[in-house]
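K.L.:
Sending over a structure as structure tokens; questions will come in a sec.
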Amino acid sequence: MATTRTRPRRKISERKRAELQRERKEINALAAGALADPDLATRVPAMLRIRGRFSGYSLRNQALLLKQADLRGITLTDVDTFKGWKERGRGVRFGEHGLRIVRYVGSEADDDTADDAECPETGADAEDYGRLRFRLKSVFDVSQTDGVDDADQLDAQDAAAALAMWDHLAEQVTRAGYLLNWPSDTVTEPAATDHGRRLVHIRADLDPAGTEAVTHLAAQLAAVLTHTADDTDDTDTDTAGNREPVPA
């Protein structure tokens, strides 16, 4: 009978395990602060111009990358992995340190690698999510690389990029347990979130292929992701972050 061979598990030292856990806690705290930044939504137009893998990351990872770039004086324009840059004909310069994101790597427990104390994407206990596995990963901006740019990568992003980001944000709203209500004729503000009914409203006149709609949706998603059980559930959050009683 044929047998299946598995790759031996990678052993790490207790010192390395502690370093990884400490870095994860620091990254989680940095991401939480980045998501709670009231200026995050105003940066969506600039975020739409960032090429590479950036648009495919969760809002949490996008906010995390922007925060790290700000702290290091980097203006993000095109983001990719070390391998991704190599495949695109560019190389990360010697001595450059990557920007960190948190990526999902599976759900099977592995006692020989360091665990996160909590699920980085939600803050909940890992065992509540079926032992979801997350790892830190480094990515680099094009300013940290050398080589010849692929001309196709330099094309300006248009309405298709906005629509793609809208779909990506909408998916994250759904994963968070909220329902996206667009087009909505029940709000006068461009957008609002009803935490009690778990509804995210985007006003009917906003086009998902436009920067304004994506900006407001990102703001509402940030409000959803930073909403805690300690917050009052019978309030609305509008795009400006104001909280108002939900009408009966």
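The values are calculated or read from the model by the stated rules, or taken from the named source; none is laboratory data. All values derive from a computational prediction rather than experimental measurement. We place every Cβ from the backbone using ideal geometry, glycine too, and count neighbours over all the protein chains shown.
K.L.:
Here are some residues: A69, A63, A46. Which one is crowded, with 19+ Cβ neighbours inside 10 Å and part of a helix (DSSP H, G or I)?
P.N.:
A63
K.L.:
Would you mind stating whether F82 is aromatic (F, W, Y), modelled with pLDDT of 85 or more and exposed (fewer than 15 other Cβ atoms within 10 Å of the Cβ)?
P.N.:
Judged against the criteria, F82 is not a match.
K.L.:
Report whether or not A213 is touching an Asp or Glu at 6+ places or on another chain (Cβ under 7 Å), within 20 Å of A162 (Cα to Cα) and not in a loop (DSSP other than H, G, I, E, B).
P.N.:
yes
K.L.:
Just wondering, is there one or more residues in segment 162-176 that are surrounded by fewer than 19 Cβ atoms within 10 Å (Cβ to Cβ), at pLDDT 80 or above and assigned to a loop (DSSP other than H, G, I, E, B)?
P.N.:
Within segment 162-176 (the criterion being surrounded by fewer than 19 Cβ atoms within 10 Å (Cβ to Cβ), at pLDDT 80 or above and assigned to a loop (DSSP other than H, G, I, E, B)), the answer is yes, since at least one residue qualifies.
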